[in-house]
């Protein structure tokens, strides 16, 4: 009788010192794929991955067999004693409300091509969810992953129970900065805009919850404390166009604030090719005004600020689902669909 062939099984564990080179090779595989899907380019310098391998080995020594270190989680999938996949998680809470769920951001999930189809991706996410529940100590927590539009892993995330809650599009900063005025002007927000910004941010919170995005505080009516806190924050950026992040407002011809957004840039570090990444998000619009005109004003100023900070492209983030007025207004700037954020209760 022919011997039975035992199926190969994948387990999940913490990384161990000495396998940094293998895990760095997984990162290289992921970053090459990321670039092929239209994402930011990864380094092709072997020295970058050699340095990454050293850092991973040192990190494993510090963790001493524990995947959780502070708010960071690092897990590897093991197949016959060899790392065949990995995932990171970053644990935090977005907002000040104690009832807002914690978020564990899924980062750098990759399974080697030779190990796909064995359940390694699902096992890594299940183990990450368990780590997140441990960190939250019984409080609600969601896993959240950003997935590029051309990334075939979108189907995988749907199969394992994730649902899209937000979208983003990307525009060239040069072209975005040249968008024509359409009856509204944008500027940096100032202390006197605090009440208008607070009212608009309540609309933003309501939109997020309506889309099923539980990562942020629930909407609430602006009170004196909230308006005061926003005013103090806005006062700090007055006249300082280089502050990060910057809050923008779009105003009608009479000077009334009709929309708000934020803009920020940050450096992409190795194994990405070093460059600046620009983001405009937290769009909140007065529904009585045309979304296309408001978004064009905000994106134009945001792209100018991003250009001044060295970003050649800008992502328009935290958009509602395709078909919504805000989503359509973002695409009307010339932006192309870029990614979606998918979430699942841990």
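The values are calculated or read from the model by the stated rules, or taken from the named source; none is laboratory data. All values reported here derive from a predicted model rather than from experimental measurement. Virtual Cβ from ideal backbone geometry, glycine too; neighbours counted across all protein chains shown.
Filter the stretch 1-13 down to residues that are modelled with pLDDT of 70 or more and either surrounded by fewer than 16 Cβ atoms within 10 Å (Cβ to Cβ) or within 16 Å of residue 73 (Cα to Cα) (or both), then give me how many there are. Let's see the steps before the verdict.
From the stretch 1-13, those modelled with pLDDT of 70 or more are 8-13; that's our starting set.
With either surrounded by fewer than 16 Cβ atoms within 10 Å (Cβ to Cβ) or within 16 Å of residue 73 (Cα to Cα) (or both) added as a condition, the list becomes 8-9, 11-13.
Residues flagged as modelled with pLDDT of 70 or more and either surrounded by fewer than 16 Cβ atoms within 10 Å (Cβ to Cβ) or within 16 Å of residue 73 (Cα to Cα) (or both) within the stretch 1-13 amount to 5.
When you go through 128, 200 one by one, which is the residue that is out of contact with any helix residue (DSSP H, G or I) (no Cβ under 9 Å at 6 or more places or on another chain), farther than 30 Å from residue 252 by Cα and surrounded by 21 or more Cβ atoms within 10 Å (Cβ to Cβ)?
Selected residue: 128, the only one of 128, 200 that is out of contact with any helix residue (DSSP H, G or I) (no Cβ under 9 Å at 6 or more places or on another chain), farther than 30 Å from residue 252 by Cα and surrounded by 21 or more Cβ atoms within 10 Å (Cβ to Cβ).
With respect to residue 44, is the statement that it is closer than 24 Å to residue 338 by Cα and surrounded by fewer than 16 Cβ atoms within 10 Å (Cβ to Cβ) true?
Details: closer than 24 Å to residue 338 by Cα: yes; surrounded by fewer than 16 Cβ atoms within 10 Å (Cβ to Cβ): yes.
Yes; evaluated as a whole, the condition is true for this residue.
Inside the stretch 136-147, can you point out the residues that are surrounded by fewer than 20 Cβ atoms within 10 Å (Cβ to Cβ) and touching a strand residue (DSSP E or B) at 6+ places or on another chain (Cβ under 9 Å)?
Of the residues in the stretch 136-147, the ones surrounded by fewer than 20 Cβ atoms within 10 Å (Cβ to Cβ) are 136-140, 146.
Passing the criteria: 136, 139, 140, 146.
Does the stretch 256-270 contain any residue that is more than 27 Å from residue 167 (Cβ to Cβ) and at pLDDT below 95?
Step one: filter the stretch 256-270 for residues more than 27 Å from residue 167 (Cβ to Cβ), giving 256, 270.
When the remaining residues are screened for being at pLDDT below 95, the result is 270.
For the stretch 256-270, residues more than 27 Å from residue 167 (Cβ to Cβ) and at pLDDT below 95: present.
Taking the stretch 154-172 as the region of interest, how many residues are more than 16 Å from the chain's Cα centre (by Cα) and surrounded by fewer than 22 Cβ atoms within 10 Å (Cβ to Cβ)? Walk me through how you get there before you give the answer.
Filtering the stretch 154-172 down to residues more than 16 Å from the chain's Cα centre (by Cα) leaves 155-156, 158-161, 171-172.
Checking the rest, the ones that are also surrounded by fewer than 22 Cβ atoms within 10 Å (Cβ to Cβ) come to 155-156, 158-161, 172.
Looking only at that region, the number is 7.
Can you confirm whether residue 61 is in contact (Cβ under 8 Å) with a residue 12 or more places away in the chain and either farther than 19 Å from residue 106 by Cβ or outside the structural domain of residue 146 (by TED's automatic domain parsing) (or both)? Spell out how you get there, then give the answer.
Values: in contact (Cβ under 8 Å) with a residue 12 or more places away in the chain: yes; either farther than 19 Å from residue 106 by Cβ or outside the structural domain of residue 146 (by TED's automatic domain parsing) (or both): yes.
For residue 61, the condition - in contact (Cβ under 8 Å) with a residue 12 or more places away in the chain and either farther than 19 Å from residue 106 by Cβ or outside the structural domain of residue 146 (by TED's automatic domain parsing) (or both) - is met.
Across the stretch 259-270, what is the number of residues that are surrounded by fewer than 21 Cβ atoms within 10 Å (Cβ to Cβ), in contact with a strand residue (DSSP E or B) (Cβ under 7 Å, 6 or more places away or on another chain) and either in contact (Cβ under 8 Å) with a residue 60 or more places away in the chain or closer than 16 Å to residue 41 by Cα (or both)?
Selection size over the stretch 259-270: 3.
Of the conditions (1) touching a helix residue (DSSP H, G or I) at 6+ places or on another chain (Cβ under 9 Å); (2) over 15 Å from residue 12 (Cα atoms), residue 63 satisfies every one except a single condition; which number is it?
Tallying (1) touching a helix residue (DSSP H, G or I) at 6+ places or on another chain (Cβ under 9 Å); (2) over 15 Å from residue 12 (Cα atoms), residue 63 fails exactly one: (1).
Here are the criteria: (1) within 16 Å of residue 291 (Cβ to Cβ); (2) touching a strand residue (DSSP E or B) at 6+ places or on another chain (Cβ under 6 Å). Tell me which single one residue 179 does not satisfy.
For residue 179, the failing item is (2).
Restricting attention to the stretch 99-117, and to residues there that are closer than 19 Å to residue 144 by Cβ and free of Cβ contacts under 8 Å to residues at least 40 places away in the same chain, which single residue is surrounded by the fewest Cβ atoms within 10 Å (Cβ to Cβ)? Spell out the reasoning first.
Initial filter on the stretch 99-117 (closer than 19 Å to residue 144 by Cβ): 99-110.
Narrowing the set further to residues that are free of Cβ contacts under 8 Å to residues at least 40 places away in the same chain leaves 106-107.
Working: 106: 26, 107: 16.
By that ranking, first place goes to 107.
Would a scan of the stretch 33-56 turn up a residue that is assigned to a strand (DSSP E or B) and either modelled with pLDDT under 95 or not assigned by TED's automatic domain parsing to the domain that holds residue 116 (or both)? Please lay out each step first, then the result.
Here is the first cut: in the stretch 33-56, the ones assigned to a strand (DSSP E or B) are 42.
The next check asks that each one be either modelled with pLDDT under 95 or not assigned by TED's automatic domain parsing to the domain that holds residue 116 (or both); those that pass are 42.
Within the stretch 33-56, one or more residues are assigned to a strand (DSSP E or B) and either modelled with pLDDT under 95 or not assigned by TED's automatic domain parsing to the domain that holds residue 116 (or both).
When you scan the stretch 65-86, how many residues do you find that are crowded, with 16+ Cβ neighbours inside 10 Å and assigned to a loop (DSSP other than H, G, I, E, B)?
Final tally of qualifying residues: 1.
When both residues are 6+ apart or on different chains and their Cβ atoms are under 8 Å apart, which pairs have a first residue that lies in the stretch 210-236 and is outside the structural domain of residue 194 (by TED's automatic domain parsing) and modelled with pLDDT under 85, and a second that is assigned to a helix (DSSP H, G or I) and loosely packed, with under 14 Cβ neighbours inside 10 Å?
Pairs that qualify, where the first residue is outside the structural domain of residue 194 (by TED's automatic domain parsing) and modelled with pLDDT under 85 and the partner is assigned to a helix (DSSP H, G or I) and loosely packed, with under 14 Cβ neighbours inside 10 Å: there are none.
If the requirement is being part of a helix (DSSP H, G or I) and either at negative phi or at pLDDT 95 or above (or both), which of these qualifies: 62, 16? Full working, then the answer.
Details: 16 fails: part of a helix (DSSP H, G or I).
Selected residue: 62, the only one of 62, 16 that is part of a helix (DSSP H, G or I) and either at negative phi or at pLDDT 95 or above (or both).
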